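Asks: Supplied in structure tokens, the structure appears directly below.
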Amino acid sequence: MPTTKFLSTRIQEIRPSGIRKIFDLACQFPDGLDLSIGNPDFDVPEPIKNEAIFQIKNGFNQYVSTRGIDDLRQVIIKHLESRKVNFEDILITSGTTGALYLAMLAIISPGDEILMADPYFVAYANVIIMCGGIPKIINTYPDFKLREDAILSQITSKTKAILINNPGNPTGFVYSTEELKLVAEIADKHGLHVVSDEVYDKFVYVNEPFVSMGNITTDAVVMSGFSKSTGMTGWRLGYVSGTKEMIDAMATFQQYSYVCANSVTQKAAVLAFDVDMSEYVKKYKARRDFVYSALKDQFNIIKPEGAFYIFPEAPGGDAEAFINKAIEHKVFIIPGNVFSERNTHFRISYAVNDEKLQKAVDVLKKISN
Ligand SMILES: Cc1ncc(COP(=O)(O)O)c(C=O)c1O
């Protein structure tokens with residue numbers, strides 16, 4: 001009899017992604033209306049694609065520096081400086097998710113607690129657990145704002161960092177400067193790191209310029225990437241800025257995990273900040289306006305100000321029942337408990353074409369009664 005071979009206890013604590021579950025179901029119904037996944041519905045701009053093809057043919061296919069190729073580093077540094085983000089160093093990573101994982105590895109010792117606003121991006125709790133930490137939630141319902149009492153009540157001697165996502169997935173919420181300052185002040189007072197995931201920083205629909213956590217503090221870990229801004233979710237490219245100490249630690253972990261971010265996509269992404277994506281952002285803003293106007297009379301909704309999601313409350317606060325009803329009509333949306341302790345809301349990704357969006361919204365309105 002072979003002896004039993006156990007997997008780590010860690011794997012038992014990880015929840016499979018509830019987004020993937022609905023997305024996989026949606027894939028079985030090609031005629032369905034899939035509003036489940038956060039894939040931008042535009043392709044990588046032609047000059048960037050051509051550059052990637054050129055670089056592959058030109059033989060730029062080897063390992064590159066763990067910290068990222070110099071030309072891309074310079075472009076990102078210029079970009080961050082133009083937005084007056086405070087940082088001492090940057091690291092180019094395998095997507096924003098790569099940056100998140102490396103940041104958590106650098107911050108968490110076993111048993112440390114990381115605070116994150118609830119609702120939260122689906123990866124957060126799992127990445128924290130993968131790194132040996134304990135996710136703790138900051139309640140932001142019903143308006144998704146960060147409040148002092150909600151943060152303070154969760155801080156213990158084990159708390160190590162506050163992780164925020166701005167603009168937020170699944171809410172589309174954009175934090176005010178006051179909320180960011182509140183987080184920074186609490187973090188300073190309690191000796192906590194602040195980590196800000198700003199992967200949707202290009203998709204902001206308010207008039208004022210987007211305020212990064214890196215505009216507020218001098219030592220935040222701020223991450224973003226090219227997945228959403230340039231439509232290259234499959235190319236796996238992101239970047240993170242922070243103090244020298246933090247970036248050095250993350251680079252060490254990168255050396256022994258991802259090794260380096262993809263060489264070809266780094267070369268191609270050098271062009272990304274020069275490509276004008278404003279037409280896409282305008283289109284997403286128009287879709288945000290459309291979905292919000294169409295649903296606001298029948299659903300309790302906070303108007304999103306960024307990203308490409310909207311997070312209405314399900315009728316009767318029962319997301320499970322509502323999602324099942326939607327699936328019967330081949331509309332695929334994500335139940336709130338994928339992103340939250342609660343299952344009262346549902347997420348719509350409006351990164352789909354207008355016709356699909358119109359049909360899906362009609363179904364959701366019809367089944368809401
Ligand atoms: C909040 C948030 N962070 C990170 C990611 C993943 O970004 P990347 O593709 O750059 O790893 C997503 C993707 O949906 C997201 O919503």
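The values are calculated or read from the model by the stated rules, or taken from the named source; none is laboratory data. What you see is a predicted model; the values in this text were computed from it and never measured. Because the Cβ atoms are built from the backbone with ideal geometry, glycine has one as well, and the counts that use them run over all protein chains shown.
A quick yes/no check of all residues on (1) farther than 19 Å from Ser224 by Cβ; (2) of a type in the set (Ser, Thr, Tyr); (3) outside the structural domain of Pro209 (by TED's automatic domain parsing); (4) out of contact with any Cys (no Cβ under 8 Å at 6 or more places or on another chain):
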position	(1), (2), (3), (4)
Phe60	yes, no, no, yes
Asp71	no, no, no, yes
Gln74	no, no, no, yes
Ala99	no, no, no, yes
Leu115	yes, no, no, yes
Thr156	yes, yes, no, yes
Leu163	no, no, no, yes
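Asks: Report, by residue number, each residue of region 1-39 that is more than 24 Å from Val127 (Cβ to Cβ) and under 22 Å from the mean Cα position of the chain (by Cα). Reasoning before the result, please.
Replies: Keep residues of region 1-39 that are more than 24 Å from Val127 (Cβ to Cβ), which gives 1-5, 25-35.
Result: Ala26, Asp34, Leu35.
Asks: Then there is this: Condition first: small (Gly, Ala, Ser), within 16 Å of the ligand (Cβ to nearest atom) and part of a loop (DSSP other than H, G, I, E, B). Now tell me which residues in region 300-321 satisfy that.
Replies: Answer for region 300-321, where residues must be small (Gly, Ala, Ser), within 16 Å of the ligand (Cβ to nearest atom) and part of a loop (DSSP other than H, G, I, E, B): just Ala307.
Asks: Return a yes/no flag: does region 274-290 have any residue that is at pLDDT 95 or above, among the aromatic types (Phe, Trp, Tyr) and more than 15 Å from the ligand (Cβ to nearest atom).
Replies: Within region 274-290 (the criterion being at pLDDT 95 or above, among the aromatic types (Phe, Trp, Tyr) and more than 15 Å from the ligand (Cβ to nearest atom)), the answer is yes, since at least one residue qualifies.
Asks: Right, another one. Enumerate the helices (runs of 4 or more DSSP H) found wholly within region 24-130, keeping only those where 2 or more residues are within 14 Å of the ligand (Cβ to nearest atom) and either in contact with a strand residue (DSSP E or B) (Cβ under 6 Å, 6 or more places away or on another chain) or closer than 26 Å to Ser212 by Cα (or both).
Replies: In region 24-130, 95-107, 123-130 are the helices (runs of 4 or more DSSP H) which contain 2 or more residues that are within 14 Å of the ligand (Cβ to nearest atom) and either in contact with a strand residue (DSSP E or B) (Cβ under 6 Å, 6 or more places away or on another chain) or closer than 26 Å to Ser212 by Cα (or both).
Asks: Quick one: is Asp71 modelled with pLDDT of 95 or more, loosely packed, with under 14 Cβ neighbours inside 10 Å, acidic (Asp, Glu) and over 25 Å from the mean Cα position of the chain (by Cα)?
Replies: Against the criterion (modelled with pLDDT of 95 or more, loosely packed, with under 14 Cβ neighbours inside 10 Å, acidic (Asp, Glu) and over 25 Å from the mean Cα position of the chain (by Cα)), Asp71 qualifies.
Asks: Still on this structure, I have one more. Could you run through region 184-220 and say how many residues are surrounded by fewer than 18 Cβ atoms within 10 Å (Cβ to Cβ) and among the aliphatic types (A, V, I, L, M)?
Replies: The total comes to 1.
Asks: Under 9 Å between Cβ atoms, at least 6 apart or on separate chains: pull out the pairs that start in region 113-129 with a residue that is of a type in the set (Asp, Glu) and end on any residue that is modelled with pLDDT of 95 or more and in a helix (DSSP H, G or I).
Replies: Every condition considered, the pairs that remain are Glu113/Ile128.
Asks: Please determine, by comparing only the residues of region 159-183 that are over 20 Å from the mean Cα position of the chain (by Cα) and free of Cβ contacts under 8 Å to residues at least 40 places away in the same chain, which one is surrounded by the most Cβ atoms within 10 Å (Cβ to Cβ).
Replies: Among those residues, the one meeting the criterion is Leu182.
Asks: Further question on the same structure: Answer yes or no as to whether Asp297 is free of Cβ contacts under 8 Å to residues at least 60 places away in the same chain and either in a helix (DSSP H, G or I) or surrounded by fewer than 17 Cβ atoms within 10 Å (Cβ to Cβ) (or both).
Replies: Yes.
Asks: Another question, if that's okay. Of the conditions (1) over 20 Å from the mean Cα position of the chain (by Cα); (2) not in a helix (DSSP H, G or I), Ala261 satisfies every one except a single condition; which number is it?
Replies: (1)
Asks: Let me ask another. Pick out the one residue from Leu146, Leu91 that is over 26 Å from Glu185 (Cβ atoms), assigned by TED's automatic domain parsing to the domain that holds Thr218 and of a type in the set (A, V, I, L, M, F, W, C). Break it down stepwise before answering.
Replies: Values: Leu146 fails: over 26 Å from Glu185 (Cβ atoms).
Exactly one residue qualifies, and that residue is Leu91.
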